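> One structure follows; several queries about it will come next.
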Amino acid sequence: MAGLLLPIAGGCTQPSDLYQRAIVTIVDGQVCVAVTSDGNNPSNSTRLAGLTLSRLSGDRTEAVWELDFTAAPRSFVISPQECLRPGEPHGEGVTEVLLAKPVPGERYMLSIMGAVLTNEPDDDGWVTRLYRENFCLKQNVLSETSIVSVPWGAGRPRWEVCTE
């Protein structure tokens with residue numbers, strides 16, 4: 001399932017709002033991921049197709065958590081801010097591969113592929129969305145873990161915020 005969430009179409013035909021930011025938080029000491037609300041989406045819900053969380057090590061990228069919703073008997077729909085956590089039940093037909101839970105000191109890339117309803121007259125009702133976020137986890141002296149979102153600058157992620 002690795003590579004499930006690579007963009008399958010490119011070029012000038014993609015809508016400008018195809019890419020959205022994902023939300024990464026800590027809930028009960030565990031990473032929790034979610035999608036953002038979409039102003040072009042009248043239901044404010046996202047039908048998920050898949051999720052990939054990858055760890056970056058040097059120039060290598062290794063998937064550590066994947067969810068595939070495409071074999072589920074019903075569409076898997078979440079609302080903005082509704083989060084998914086590694087290792088939790090996600091429903092019938094949802095395939096999960098969990099190789100490692102996120103830990104402090106590592107760099108991560110999150111991709112969530114889905115579709116949202118639209119009220120555009122030229123669409124079939126659904127448009128693709130790819131939610132992404134680069135982040136690292138930091139632990140303070142009290143062993144509390146926090147998320148550090150990695151900003152983009154000069155066309156690349158600014159991973160140095162993880163070592164500051």
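> Just checking, how many residues over the stretch 83-95 are closer than 13 Å to VAL33 by Cβ and in a strand (DSSP E or B)?
Selection size over the stretch 83-95: 1.
> Follow-up. Quick one: what pairs do we get from the stretch 148-164, first residue more than 11 Å from ARG107 (Cα to Cα) and without any contact (Cβ under 8 Å) to a residue 40 or more places away in the chain, second of a type in the set (Val, Ile, Thr) and part of a strand (DSSP E or B), C-beta under 9 Å, 6+ apart or different chains?
Hits for this filter: GLU164/VAL148.
> Of (1) part of a loop (DSSP other than H, G, I, E, B); (2) over 13 Å from the mean Cα position of the chain (by Cα); (3) without any contact (Cβ under 8 Å) to a residue 60 or more places away in the chain, LYS101 satisfies all except one. Which?
Among (1) part of a loop (DSSP other than H, G, I, E, B); (2) over 13 Å from the mean Cα position of the chain (by Cα); (3) without any contact (Cβ under 8 Å) to a residue 60 or more places away in the chain, the lone unmet condition for LYS101 is (3).
> Still on this model: If you take the residues of the stretch 107-123 that are open to solvent by 40 Å² or more (accessible area, probe 1.4 Å) and part of a strand (DSSP E or B), which of them is modelled with the lowest pLDDT?
So, considering only residues that are open to solvent by 40 Å² or more (accessible area, probe 1.4 Å) and part of a strand (DSSP E or B), the one modelled with the lowest pLDDT is LEU117.
> Mind telling me which of the residues GLY39, GLY58, GLY87, GLY105 ends up being of a type outside the set (D, E, K, R), within 29 Å of TRP159 (Cα to Cα) and touching an Asp or Glu at 6+ places or on another chain (Cβ under 9 Å)?
So the residue among GLY39, GLY58, GLY87, GLY105 that is of a type outside the set (D, E, K, R), within 29 Å of TRP159 (Cα to Cα) and touching an Asp or Glu at 6+ places or on another chain (Cβ under 9 Å) is GLY87.
> Okay, next question. Report whether or not SER43 is in contact with a Pro (Cβ under 7 Å, 6 or more places away or on another chain), at pLDDT below 90, in a loop (DSSP other than H, G, I, E, B) and of a type in the set (Ser, Thr, Tyr).
no
> Can you tell me which residues in the stretch 51-81 are on the phi > 0 side of the Ramachandran plot and either open to solvent by 70 Å² or more (accessible area, probe 1.4 Å) or assigned to a strand (DSSP E or B) (or both)?
Within the stretch 51-81, GLN81 is the sole residue that qualifies.
> Oh, and also: Only one of (1) over 14 Å from THR46 (Cβ atoms); (2) at pLDDT 90 or above; (3) in contact with a Cys (Cβ under 8 Å, 6 or more places away or on another chain) is not met by CYS83, so which one is it?
Of the numbered conditions (1) over 14 Å from THR46 (Cβ atoms); (2) at pLDDT 90 or above; (3) in contact with a Cys (Cβ under 8 Å, 6 or more places away or on another chain), the odd one out for CYS83 is (1).
> Just checking, how many residues over the stretch 128-143 are in a strand (DSSP E or B) and farther than 17 Å from ALA22 by Cβ?
So the count comes out to 2.
> Check SER54 against each of (1) modelled with pLDDT of 95 or more; (2) more than 16 Å from the chain's Cα centre (by Cα) and name the one condition it does not meet.
(2)
> Taking into account only those residues within the stretch 124-164 that are in contact with a strand residue (DSSP E or B) (Cβ under 9 Å, 6 or more places away or on another chain) and among the charged types (D, E, K, R), which is surrounded by the fewest Cβ atoms within 10 Å (Cβ to Cβ)?
Residue satisfying both the conditions and the ranking: GLU164.
The values are calculated or read from the model by the stated rules, or taken from the named source; none is laboratory data. As the structure is a computational prediction, the values presented were derived from the model and not from experiment. So basically every Cβ, Gly included, is an ideal-geometry build from the backbone, and we count neighbours across all protein chains shown. Ligands, DNA and RNA are excluded from the accessible area calculation, which covers all protein heavy atoms including side chains. Shrake-Rupley method; radii C 1.70, N 1.55, O 1.52, S 1.80 Å.
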